[in-house]
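Read-outs throughout are calculated quantities, based only on the coordinates presented, and are distinct from any laboratory measurement. For clarity, every value in this text was computed on a predicted model and none was experimentally measured. Cβ sites come from the backbone with ideal geometry, for glycine too, and all protein chains shown count toward neighbours.
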Amino acid sequence: MRLSRYEIRPDLCRACGACAKVCPKAAIDQDDERRFVIIQERCDGCGTCAGSCKLRAVVKRKGLFH
Ligand code: SF4
Ligand code: SF4
């Protein structure tokens, strides 16, 4: 269980792919509609992707995540 997780806001993301390139866990991929998404099972919460996004589309969301 985690108390926060990183997510990509589809309303802000322009699909440049920068976050996917820097993710050390290869946890960012494109879904069937070509939107970039974080595969939560692979993500270790390092935050590197958030720092790479110039549009601040990668956000840390608080909550209870299983
Ligand atoms: S770096 Fe930002 S804009 Fe580019 S694909 Fe990732 S979330 Fe989207
Ligand atoms: S927080 Fe780290 S492991 Fe998770 S998607 Fe971003 S760069 Fe990858």
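Here are some notes:
- Full extension of the chain between HIS66 and CYS16 yields a length gain of 15.1 nm, computed as 0.36 nm times the residue separation minus the alpha carbon distance.
- The phi torsions of the stretch 32-40, fed into the Karplus equation with coefficients 6.51, -1.76 and 1.60 and a -60° offset, translate into couplings of 4, 9, 6, 8, 6, 9, 9, 7, 4 Hz, rounded to whole numbers, with Gly and Pro shown as x.
- Sparse-neighbourhood loop sites, trypsin sites (Lys or Arg not before Pro) in the stretch 1-43 - DSSP loop, at most 16 other Cβ within 10 angstrom: ARG14, LYS25, ARG34, ARG35, ARG42
- When PHE36, PHE65 are sorted by how many other C-beta atoms sit within 10 angstrom of their C-beta, beginning with the fewest, the order is PHE65, PHE36.
- Computed [θ] at 222 nm, deg cm²/dmol, the chain (DSSP H ≥ 4; -39,500 (n - 2.57); rounded to nearest 500): -3000 deg cm²/dmol
- Remark: the LEU55-ASP29 segment gains 7.6 nm on full extension, using 0.36 nm per residue and subtracting the alpha carbon distance.
- Tail beyond 20 Å, pair distance distribution of the stretch 2-65 (Cα, percent): 16
- Backbone geometry of the stretch 41-47 corresponds, through the Karplus equation with coefficients 6.51, -1.76 and 1.60 at θ = phi - 60°, to 3J(HN,Hα) couplings of 5, 9, 6, 10, x, 5, x Hz, x marking Gly and Pro.
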